[in-house]
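Below is one structure, written out as structure tokens; the observations come after it.
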Amino acid sequence: MNSEEDSMMHRTPGEEMIELLTLCQQLQSEKDGLKRPVPRRPGVAADEVMDGFAQRILQSCAFAASLDPLLDLQSRLADVGRRLEEQGQLQTDVGDNYALAALTWMELITGTGTAL
């Protein structure tokens, strides 16, 4: 395994998405003959164009940056759901989402949820 493959294996899904979005913008910018700002770099240089495409890429990179903590939270909630099911406090059907089931259970227990 070379160093590029090794570094690719250690990137988070959010980092991978940001890299792909950045590459997408770079390729589109080359095709359009425009210089657009690099996503996740603060500011826009005088010779860069912040058009609708660049704005969409920037927004998508912001969403991708929030992905990793959300995936971690979803995984932790799914673990809670499995444990609740093992303890007999929660029943799920085949294909149910353990994270959603755990959240719904917690909302019912605390009285903070809404009836589905």
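The values are calculated or read from the model by the stated rules, or taken from the named source; none is laboratory data. None of these values were measured; they are calculated from a predicted model. Because the Cβ atoms are built from the backbone with ideal geometry, glycine has one as well, and the counts that use them run over all protein chains shown. Heavy atoms of the whole protein, side chains included, go into the accessibility calculation; ligands, DNA and RNA do not. Shrake-Rupley method; radii C 1.70, N 1.55, O 1.52, S 1.80 Å.
Results, tabulated for the structure shown:
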| quantity | calculated |
| --- | --- |
| Matching residues, the range 26-60, being in contact (Cβ under 8 Å) with a residue 24 or more places away in the chain, open to solvent by less than 70 Å² (accessible area, probe 1.4 Å) and either in a loop (DSSP other than H, G, I, E, B) or β-branched (Val, Ile, Thr) (or both) | ILE57 |
| Selection count where residues are surrounded by 15 or more Cβ atoms within 10 Å (Cβ to Cβ) and either free of Cβ contacts under 8 Å to residues at least 12 places away in the same chain or more than 26 Å from the chain's Cα centre (by Cα) (or both), scope the range 85-99 | 3 |
| Residue that is modelled with the highest pLDDT, among those in the range 36-70 that are more than 21 Å from the chain's Cα centre (by Cα) and within 27 Å of ARG11 (Cα to Cα) | ARG36 |
| Answer residue from the range 61-78, given it is open to solvent by 60 Å² or more (accessible area, probe 1.4 Å) and of a type outside the set (A, V, I, L, M, F, W, C) and is nearest to LEU27 (Cα to Cα) among those | PRO69 |
